Every structure is written in C-alpha cells, then in structure tokens.
Amino acid sequence: MSHAIDSADHHHGPDKGILRWVYTTNHKDIGTMYLILALGSLLIGGTMAFVIRAELFQPGLQLVDPNFFNQMTTMHGLIMVFGAIMPAFVGLANWLVPMMIGAPDMALPRINNWSFWLLPFAFGMLICTLFMDGGAPNFGWTFYAPLSTTYAPPSVTFFIFSVHIMGISSIMGAVNVIVTIFNMRAPGMTFMKMPLFVWTWLITAFLLIAVMPVLAGVVTMMLMDIHFGTSFFNAAGGGDPVMFQHVFWFFGHPEVYIMILPAFGIVSHIISTFSRKPLFGYTSMVWATASIAVLSFIVWAHHMFTVGLPLVGELFFMYSTMLIAVPTGVKVFNWVTTMFRGSISFETPMLFAIAFVVLFTIGGLSGLMLAIAPADFQYHDTYFVVAHFHYVLVPGALFSILAAVYYWLPKWCGRMYNETLGKWHFWMSFIGVNITFFPMHFVGLAGMPRRIPDYALQFADFNAIVSVGAFIFGLSQLIFVYNVWRTTIGGKGEKATDKVWDEPTGLEWDIPSPAPYHTFQEPPVVK
Amino acid sequence: MKKMSPWKISLVPVLMFGFGFALVPLYDVFCEVTGLNGKNFEVFTGDKTTLENSGNHQTAVLQFLADADSRDNWHFKPEKKSMELQAGKLMTTYYEVTNPYDYPVTIQAVPSVAPGEWAEYLVKIECFCFTQQVVPAHSKVKLPLQVTLSAKAPKEVNHLSLSYRLYQSESLGGTF
C-alpha cells in the first residue's frame, strides 16, 4: 500500500536537492531558473552601469581607464540585452504559456532543460573575458567590424562562442514555444481566443527563429575573418565593413521587437485586470503585433543613416520606420481606451503597467524623431540615442517584466508580495528612471557623443544629475529583490486566493495558488 | 487538429543561417546594380583600338585621391592631382609610394570611384590595384595606371574622382 502511494507521489512532486534543478523538465522549474538567471544578469549589468555612471559623474577621468570604460559599456549592453531582458521573457513564457493555454507542460521538455542550461555557460564565458589578457570585448554591444575583428582584443573569440551558445539556446526556446502554442492548446482555444501574452510570444518566437541565425551567421563571418583569413568585412581583401552593419541590423532591428512584444502582451493583461474591463480591441492588438513584426524586417538601415546610403535608401528606411508608429499607436490607444471609464485600482503591477504606457510612448516618440533621416544626422551616436533606447528598454521592457512578476508571483508561490514595499519600489524606480534617462535627451541634443568616458564641461551638470538618478534607480531594485525573497523563500505575506485579483481573465487563475507542480493534466475545455 | 512538427519548424533557423551568408553576394549584386561603393568601373581587356574608334569625344575631369594612413609615412600620392579624360583616348599616369621600412612590403590598393552611379563610365585598361605590388625596403616605386572615359558616358558626366586606399597584404586585416 505504501509503495503505491510512494510511486504516485513520485509523479506529483519534484525531486529533492540540487539535481531537481539540473534534471528538471518541468516548465515551472525551468521558468523559475530563467527568471533567477535574468535577475542575476540584471544585477551584474546594473553594477557595470554603476561603474559607467560613477566615471561620468564628473568630467575628466577619475575611476577607470578609457579601455575599461569601453569594456563596461559593451558588457553592460550585452548582458542586459541577452542576459537579462531576453531570458526574463523566456522565463515568463515557460511559466505562463502552458498555464494560459491549458497545457500540462511545454511541448519539448528536454529541449527546454537544455536551452536553459546552455545559458549559464554562455554568460559564464562572456564574463570570464573580463579577466583575460587584453580585457573583455570593448567594441560596443553592436560589435561593428573592423573594431570587433581587426582591432579587437583576443577575447573576441570567446565572445563569438558565447553568442553562438546563447543563440542556440534562444532558437531552441523559440521552437519550443511555437510547437507548444500550435499543438497543445486546450480544446476550444482557437487562435483568436488565445491570451495576448501567448499571441505576442508566438510572434516573438517567429522573430527569434528568423533572426537569431542571422546573428549566428554574422559572428561566424567575424570568426572566419579573424582566424581563417577570409575577408567578409575587410576592405583590403575585397570585403566591406559597411556590410557588417547591414547584416547585424538585419538581426538587430527585429531583436528590439523581440525585447518589447512580450511586454505588450503582459501590459495588456494587467491593464485589463486592474481596470476591471475586458481589453479594448483584442483583434486589433493581434494584428498590430503582427504588423510590427513584419515591418521590423524592412527598417534595419535606419540605424545606419550616416554610413552613406543613397537618397532613395534614406527615404525608404525613413518612411518605413515611421510606418511602425501606426500599429504602435493602435496599441497605446487600446491600452488607454481599456482604462477609460474603468474601475481602476493602483496595485503595484498596475502602477508599473501605466508607467510602461507613458514612458514607453516617450521612447517611441524619440524613436520617431530619430527616424527622420536628416535629423538623425545630428542625433546619430549621441546621448539622444542612448536616452531613446533606454526609455523603451528600461521603463519599457524591464518595467513590464517587473509588473509581470508582481502580477503572477502570488499565483507562482501562493503568497502576496508586500504591497507597501512594492509601492516604494515602483515610485523609487519611476523617479530614478526619469532622473536617469530624461536629461540624456538634453545632453544628446546638445551634442554629447555616446560611449565616451570623458566629456566637454558644458555637459557636467546634467551628467551629475543622471548619475544620481542611476544610483537611485539601481539601488531601488534591491527593494524588489528583498520583496521577492521574503515572499518566496522567506515565506512571509498573506495567503493568495486562487483568483488573486478581482476577476482576472485567463486559465491560469482557475488553478489553485500556489500553482501545483503539474497543472492541466486533463485539458480544460474553453468555451 | 493538425500538429506542427518541431523538425519542420527547425528548418527555418537552418535556412535563415544560410540566408545570412547569402546576404554577402546579394550585397555585392545590390552594390553593382545601384553603383554604391564606386566599385563598378569597367575593366577593359579587349583590343585598345576599339576604344579609340568609338566616335564619342566627350570629356570629363578625373581627380585622383590617395589614402594610406593617418601618419602618411608612406608618401602615397598621385603624380597629378587631376587630368582631362576624353572618351577613347588612353591616358597613363602614376601613383607614387615609398616604403619607409627595412624590409620589403606587399601592398594591395583598393579603388573607389565617385560619384558611384557614374563609376561604370570609367574604363581601366591597366591598374596597380589589379594585383598585389611588392615595394622593396626604403625605396620609392611608381605604380602605373591607364584609364579612359567610356564611349557610353552620357553628356552630364563631366567629373569623376578616383581614390585608392592602401593596405598591407601580409596582414590583410591590418592597416599600416
């Protein structure tokens, strides 16, 4: 009898100890590991941002030498993009996609395990380059040739290998998401009944399988130029360094939508729940997401207006880029209209979601300014660009991830986070993020170039303000870390109900809180 | 419900990896069609008299530019700053380069014609950029160049610039 209970238990609970995490094929365990990895990367990348902002607090060279400064800007970008934002979204997809579509797990659980476990090695190797002879990559996260080939430190080979590994991980993760969504939806869940987070992730996954291989291709070409005597990007051998930029940005522009489309999904859920209204314009949201994804493939050269494109090219990429404002505007309109006459309450996830809508829109507007080719000649490679992409990535992508964690954490661990700490975290982040990134617009328009350890005296005041803001923003993330720690491991906080919030929609709220280790063994029926 | 096969969907990344490499020749084709990068000049290998008997006698100024490195210890420069090209008339000129080192150096010159969309009207009969050149230690060499204007050049083509960037070919990636 006890044997029978044991073997039944075996299928219902996780293994014990560290090997649970090494061998796990459970989407919830893997999602948790992705999120922890992303948090670790966020803290490491944030520390690098502290080094950057400390050096830039005053004009002149105080703390680090310029080469190390360049290593910091490069590694900060790489770790935040590939180590923090992307794994965080994959973690959320792992946790939420099966629960939202009523599936028991991801379609390819072992591939899922492998995709995650490649990442610690990829990032371990990337971080090791800091301690190698010649230092870490110092050519900027966009690694333009020939800076990243002819003039690169020897560690560039490790950088290339690490990009290959994380690329394989992303591709496998994306294939897994696509196959799961196509094959494992609960009976009755048609495509146009899927929750928006699932939709945005499906489209993101298609972007990933289309462009991550191009990134793998471009770093492979670099590898061949450096070690095997080819001349893909080498003018002396008949190659062309400008071609590097074309191939890189063919990957790079869809990549920026990979980092924002899942955020659109998250924010749609949260705004609808806390406005106590169904999302306005579901169908248009789906179409807007798909159009943004399609357009992302034909706008890449707006990153390269100053390389000497022909006039026709400048015009084409200018207008096609501006076209993206249309579907993005549809989304913002839908979020605002969802809130309109809603019965709104301002819990922490909602605060982050509203801040997302406002601040992401500011980032979108500066993006429109940058899309104007003649204006971009002035803005190119200035702090205005830095302000723009930090507005879409920090109060954009990162805020949506924080909002998602606050929103779904009670479902994951069964307890409510501390709302007071959450509010403190939000307001400190909101104030800090604006003090950090808003003045960057001003110094950028005044001509301060990006990626420099020293600057002209007229930028001194704003840079001091920016650095203070950066430290406020960075340190306030520790409130978040503490809040999550005390709710999960610390075991504090009141018990969450199964619904957690007032009438949220979605299958994930039909299962108990905390979500059992195995859910939807029997598929639910969606009406 | 029809199932989606993970193997089928995995074909997409495989194809896109190939597409990344296919972008390289596509880029060259694109540059050739649009005249971008000014590499699209005509290399003439046939009988020179056919050039001379074209009947078109249009002229255009050809300007010469040289670029070795920022320190300019190679004294890489054209013999003349510019000259008048006439369709069908073969013009010969030189670039000079001095090797400042104690050892011979092999160099490769990479040409570019501006404006790029007119590059096809520059006809090169002979150019030091076609092959690598060896410059002996501490010596100055003259690098020959023979060009003319294409008989196909329309009237508005009145001005062309021809520039060379010099690279050391032992370390193809390396500049001086």
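Here are the numbers:
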quantity: Selected residue [within 17 Å of the chain's Cα centre (by Cα) and assigned to a helix (DSSP H, G or I)] from A:G396, A:G432; calculated: A:G396
quantity: Qualifying residue in the range A:481-490 (condition: within 23 Å of the chain's Cα centre (by Cα) and without any contact (Cβ under 8 Å) to a residue 40 or more places away in the chain); calculated: yes
quantity: Tally of residues being without any contact (Cβ under 8 Å) to a residue 40 or more places away in the chain and surrounded by fewer than 24 Cβ atoms within 10 Å (Cβ to Cβ) across the range A:198-213; calculated: 0
quantity: Test set (1) farther than 29 Å from A:V405 by Cα; (2) out of contact with any Ser or Thr (no Cβ under 7 Å at 6 or more places or on another chain); (3) surrounded by 20 or more Cβ atoms within 10 Å (Cβ to Cβ); (4) modelled with pLDDT of 95 or more - A:T220 fails condition number; calculated: (3)
quantity: Only one of A:G265, A:G237, A:G188 that is at the interface with another protein chain (Cβ under 8 Å from one of its Cβ atoms) and of a type in the set (G, A, S); calculated: A:G237
quantity: Unmet requirement for A:R276, which otherwise passes all of (1) modelled with pLDDT under 95; (2) surrounded by fewer than 22 Cβ atoms within 10 Å (Cβ to Cβ); (3) not aliphatic (A, V, I, L, M); calculated: (1)
quantity: Qualifying residue in the range B:151-170 (condition: exposed (fewer than 14 other Cβ atoms within 10 Å of the Cβ), away from chain A (no Cβ under 14 Å), of a type in the set (G, A, S) and assigned to a loop (DSSP other than H, G, I, E, B)); calculated: no
quantity: So A:L402, is it part of a helix (DSSP H, G or I) and closer than 25 Å to A:T505 by Cβ; calculated: yes
quantity: Residue match in the range A:424-432 (condition: modelled with pLDDT of 95 or more, more than 30 Å from A:N94 (Cα to Cα) and buried (at least 16 other Cβ atoms within 10 Å of the Cβ)); calculated: yes
quantity: Those residues of the range B:2-16 which are hydrophobic (A, V, I, L, M, F, W, C), facing chain A (nearest Cβ under 7 Å) and under 16 Å from A:F297 (Cβ atoms), in sequence order; calculated: B:V12, B:M16
quantity: Test result for A:G363, free of Cβ contacts under 8 Å to residues at least 60 places away in the same chain and farther than 26 Å from A:N434 by Cα; calculated: no
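The values are calculated or read from the model by the stated rules, or taken from the named source; none is laboratory data. Remember, it's a predicted structure, so these values are computed and weren't measured experimentally. With ideal geometry, Cβ positions are generated from the backbone for all residues, glycine too; neighbour counts draw on all protein chains shown.
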